[in-house]
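These notes are about the structure you will find just below.
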Amino acid sequence: MIPDLFTNHGIGQRESMAEQAVILRGFALDQTDDLLRQIFALQAQAPFRHMLTPGGFRMSVALTNCGALGWTTDRRGYRYSPTDPNSGAPWPDMPECFRQLACQAAEAAGFAGFEADACLLNRYQPGTRLSLHQDRNERGFDAPVVSVSLGMSATFLFGGLRRSDPARRFLLHHGDVAVWGGQDRLRYHGVAPLKGPPHPTLGEQRLNFTFRRAD
Ligand code: SIN
Ligand code: FE2
């Protein structure tokens, strides 16, 4: 992959979002070729699709999953499922390089021993947004959320434990990994409408994958 020759978004730095929430700048940068190869293989088995919210709205984010459990939504609600509702088949296995990256990033953020059983892949295109929400469909909240960003930069909104709490804004760039857990695990977060220049290799999209312990 051609490195981004024009910008260095603080690679190797840690940017604190809250007490137990951090952005590890460029943490995944040396693995992006492998990650992208795996994503292309995964989406051949389980394509990105726009799911319906329980309220009947089509999500602007397109998603797919890998791992033992995948996050889904439809008119019946949000939940984790072992199978892809489109095909009825199990979600693709979580690639080893995904598992390792999630575990290493969690450890670097102070959460040793993280074993993700779910990886949600989100695809954003210009204008796509993700409104403020809490990640609370998991069985427990002891494990952190590990979120890897590839492609176009995006504004990540990181709020408090109530929806009405003010949200801080952080730019997430290609190769950055954000981790939140512990007392910050249930903070509201979201993504502002995607805009800005296309990414040199991925073009007009941002791919984000979030690792969780769902069960
Ligand atoms: C999510 O909250 O599941 C995704 C966050 C992101 O795309 O950065
Ligand atoms: Fe989330």
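Each value in this text was obtained by applying a stated rule to the coordinates, not by laboratory testing. The structure presented is a predicted model; accordingly, all values stated were derived computationally and were not measured. Counting neighbours? That spans all protein chains shown, and the Cβs are built from the backbone with ideal geometry, glycine included.
Each Cα pair under 8 Å and six or more residues apart adds its separation to the average, and for the chain the resulting relative contact order is 24 percent. Here is the list for the range 86-148: GluC sites (Glu not before Pro) lying in DSSP coil, each with at most 12 other C-beta atoms within 10 angstrom of its C-beta, are Glu115. With both labels modelled 7 Å from their Cα along Cα-to-Cβ, the Phe48 to Ser164 distance reads 3.6 nm. Among Leu171, Leu194, Leu120, the largest mean-square fluctuation in a Gaussian network model of the chain, built with springs joining Cα atoms closer than 10 Å, belongs to Leu171. When Phe57, Phe211, Phe98 are sorted by how many other C-beta atoms sit within 10 angstrom of their C-beta, beginning with the fewest, the order is Phe57, Phe98, Phe211.
Between Leu171 and Ser131, what length comes free when the chain is fully extended (0.36 nm per residue of separation minus the Cα-Cα distance, one decimal in nm)?
So the chain would gain 12.8 nm between Leu171 and Ser131.
Projecting the Cα atoms of His50, Pro200, Leu29 onto the charge dipole of the chain, computed from C-beta unit charges around the Cα centre, puts His50 farthest toward the positive end. Assuming charge only on the beta carbon of Lys and Arg (+1) and of Asp and Glu (-1), the dipole of the chain about its Cα centre is about 940 debye to the nearest 20. Take the chain, connect every pair of alpha-carbon atoms lying under 10 Å apart with a spring to form a Gaussian network, then pick out the residue of Ala44, Ala62, Ala112 with the largest mean-square fluctuation. Most flexible of the set in this elastic network: Ala44.
Hydrodynamic estimate: the Kirkwood radius of the chain over Cα pairs, inserted into Stokes-Einstein at 37 °C and 0.692 mPa s, corresponds to D of 191 µm²/s. In this simple spin-label approximation, Asp215 and Leu36 carry label points 7 Å from Cα along the Cα→Cβ vector, and these lie 3.3 nm apart. Ordering Ala106, Leu121, His9 by the projection of their Cα atoms onto the charge dipole of the chain, which places +1 on the Cβ of Lys and Arg and -1 on the Cβ of Asp and Glu, puts Leu121 at the extreme positive end. Extension gain for the segment Leu202 to Ser81, taken as residue separation times 0.36 nm less the Cα-Cα distance, is 40.6 nm to one decimal.
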